[in-house]
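Just below is one structure, and these are the notes that go with it.
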Amino acid sequence: MNELQDKLASYLRTKLAAPDLIVVDLARIPGGASRETYRFRARYTNRGKSVDRGLILRRDPPASLIETERSTEYRAYGAFHKLGLPVPEPIALELGNAALERPFFIMAEVENCTTGGIMSPEPYGEHRQSVGRQFYTVLGRIASADPDEIGLGDFDGAKNVRDAARHEVARWEKVIDEDEREPQPIVRAALRWLKRNPPPAAQKISVVHGDYRTGNFLVDDNGEIRAILDWEMSHLGDPLEDLAWAIDPLWAGADPARPGGMLPRAEAIRIWEEASSLKADPAALHWWEIFASLKGAAIWISAAREYDEGRNIDPINAFSGWYCLSFHNRVLAERLAAEFGA
Amino acid sequence: MKPEVGTILGLSVQKLALGITQEGAAFAQGTVGLLATVLGLAAKEYERGADIRYSENREIRELFAELAPAVGDAQLRAELVHTAAKKDPSLRISDLNSANYELRDLLTRLLIDAEEHGALPAQKRIWAVLKALAERRLVQLGP
């Protein structure tokens, strides 16, 4: 840890033009399974004034849960921070290995906040209504942003409203093909169903956060959402993809009627529609909800493989391969069985 | 179910042996909490793992025996009849898994055949079994 602290200080002295900069209190913190996350303070002098700033380092691990474009997350932070959404300010991005052995980026720490746990029966307690309204309003604003206008028009993903669903199914089918370690009849059947029953064309192409859910944003003691995190899977696509992921039953905790432990489903959708000026067509949303559980299953299959082959023995990968995959397998089975009256 | 219990036990020991405190107290606390959860789940899986696989294999074989006569593809029908008559060689997890993977592969082929021929009653029957299998495999948190 001391070596990392020294290298980080050396890097920031140059990057921030602060020759007296020191790094203190460097500590790894949980969060973001596909990148190592560290909290630290940078102390230095800027124009004669002492600065003591909390920062976050996100560094590539030796092996990643999901391979994501390294600059994607950083650029998404930058674009939506400028737009005034609750997103941490990005500070620096390094794609080479020279400074800290692996690619990384640094952003401002949003202090004195917590994330809600997906296993918690009441992740937001008394603030659940207020947090829920903000949560779906911010998601609606992300959906309404024009990717070209905010500088993210070259992101990976679908460029055409008719391709969004097909693009995402192909993306996650490839992951399953590569990482499946045992036959998955429910997941394979879900893939076939999604291909046979495509949704209507997207209303528009938006930036899709890709992992917008309980646990991936910071809330302060007053119930105010201060930071939307973990943009590493962001891409261009149908904005309904994010809405369906946000209301997936896996994030519902103890109450399936309140996705994410926040608002009732119908209210959540209404707020999203108002904020985005888009419609959540029930048939299209139904397709994207089945897709959301399929995408989840693909991520958990990958996690299980990483763990099983010893590339990343973080126990979160074992947990994902067991609990999360079994959960999404059941959701998929229930939803698809219902299609056939079973 | 991947990873298997033996893998989880082995890699948990490895994680602990390599040391988990060098990354700092907050991260170590999170890792220990997750290890405790995963080991608790492994204990439950140790108790129910053979039963889940044995029951699943039996139900899939019964499904094959039930649906095989209506399958038009002669080769698939023969495979279904042949597989339905098999027995698990032992109650070792590895033996049960080998049989289970073969059964689940064939189940996928059976469902695809039903989809391609628009055999709705067969699809309904298969989905009822898949739903039951998923329910049985669901990993339960808590005591």
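Here are the numbers for this structure:
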quantity	calculated
Test for residue A:117: is it assigned by TED's automatic domain parsing to the domain that holds residue A:316 and closer than 14 Å to residue A:219 by Cα	no
Pick from the stretch B:101-134, criterion surrounded by fewer than 14 Cβ atoms within 10 Å (Cβ to Cβ) and over 17 Å from residue A:183 (Cα atoms), ranking: nearest to the other protein chains (Cβ to nearest Cβ)	B:120
Residue A:227 being modelled with pLDDT of 95 or more, farther than 19 Å from residue A:283 by Cα and of a type in the set (A, V, I, L, M)	yes
Answer from A:229, A:332, A:243 - the residue that is surrounded by 22 or more Cβ atoms within 10 Å (Cβ to Cβ) and under 30 Å from residue A:62 (Cα atoms)	A:229
Residue count for the stretch B:58-75, restricted to those that are more than 14 Å from every other protein chain (Cβ to nearest Cβ) and either at pLDDT below 95 or surrounded by fewer than 17 Cβ atoms within 10 Å (Cβ to Cβ) (or both)	10
Some residue of the stretch A:176-185 being without any contact (Cβ under 8 Å) to a residue 60 or more places away in the chain, within 14 Å of another protein chain (Cβ to nearest Cβ) and surrounded by 18 or more Cβ atoms within 10 Å (Cβ to Cβ)	yes
Matching entry among B:90, B:98, B:55 (being within 11 Å of chain A (Cβ to nearest Cβ) and surrounded by fewer than 19 Cβ atoms within 10 Å (Cβ to Cβ))	B:98
Residues of the stretch A:203-218 satisfying the condition of being surrounded by fewer than 21 Cβ atoms within 10 Å (Cβ to Cβ) and in contact with a Gly (Cβ under 7 Å, 6 or more places away or on another chain)	A:215
Residue in the stretch A:201-213 that is closer than 26 Å to residue A:159 by Cβ and of a type in the set (Asp, Glu) present	yes
From A:123, A:147, residue being modelled with pLDDT of 95 or more and either within 21 Å of residue A:292 (Cβ to Cβ) or more than 14 Å from chain B (Cβ to nearest Cβ) (or both)	A:147
Unique residue being over 22 Å from the mean Cα position of the chain (by Cα) and farther than 17 Å from residue A:137 by Cβ when the list is A:230, A:221, A:211	A:221
Condition broken by residue A:191, with the remaining ones in (1) surrounded by 18 or more Cβ atoms within 10 Å (Cβ to Cβ); (2) closer than 25 Å to residue A:145 by Cα satisfied	(2)
Long-range neighbours under 7 Å by Cβ, at least six apart or interchain, first residue more than 8 Å from chain A (Cβ to nearest Cβ) within the stretch B:25-46, second assigned to a helix (DSSP H, G or I)	B:39/B:12; B:42/B:5; B:42/B:8; B:42/B:9; B:46/B:5
Helices (runs of 4 or more DSSP H) wholly inside the stretch A:247-342 that include at least 3 residues being touching a helix residue (DSSP H, G or I) at 6+ places or on another chain (Cβ under 8 Å), on the phi < 0 side of the Ramachandran plot and within 11 Å of chain B (Cβ to nearest Cβ)	A:282-308, A:315-319, A:325-339
Only one of B:10, B:33 that is over 20 Å from residue A:181 (Cβ atoms) and over 19 Å from the mean Cα position of the chain (by Cα)	B:33
Matching residues, the stretch A:235-246, being part of a loop (DSSP other than H, G, I, E, B) and in contact with a strand residue (DSSP E or B) (Cβ under 6 Å, 6 or more places away or on another chain)	A:239
Evaluation of residue A:94 against (1) touching a Phe, Trp or Tyr at 6+ places or on another chain (Cβ under 8 Å); (2) at pLDDT 95 or above (one fails), failing number	(2)
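Let's see how each residue does on (1) farther than 23 Å from residue A:118 by Cα; (2) surrounded by 18 or more Cβ atoms within 10 Å (Cβ to Cβ); (3) at pLDDT 95 or above:
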| site | (1), (2), (3) |
| --- | --- |
| A:3 | yes, no, no |
| A:6 | yes, no, yes |
| A:9 | yes, yes, yes |
| A:21 | yes, yes, yes |
| A:45 | yes, no, yes |
| A:60 | yes, yes, no |
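The values are calculated or read from the model by the stated rules, or taken from the named source; none is laboratory data. No experiment lies behind these values; they were computed from the predicted model shown. Quick reminder, even Gly has a Cβ in these numbers, built from the backbone with ideal geometry, and neighbours come from all protein chains shown.
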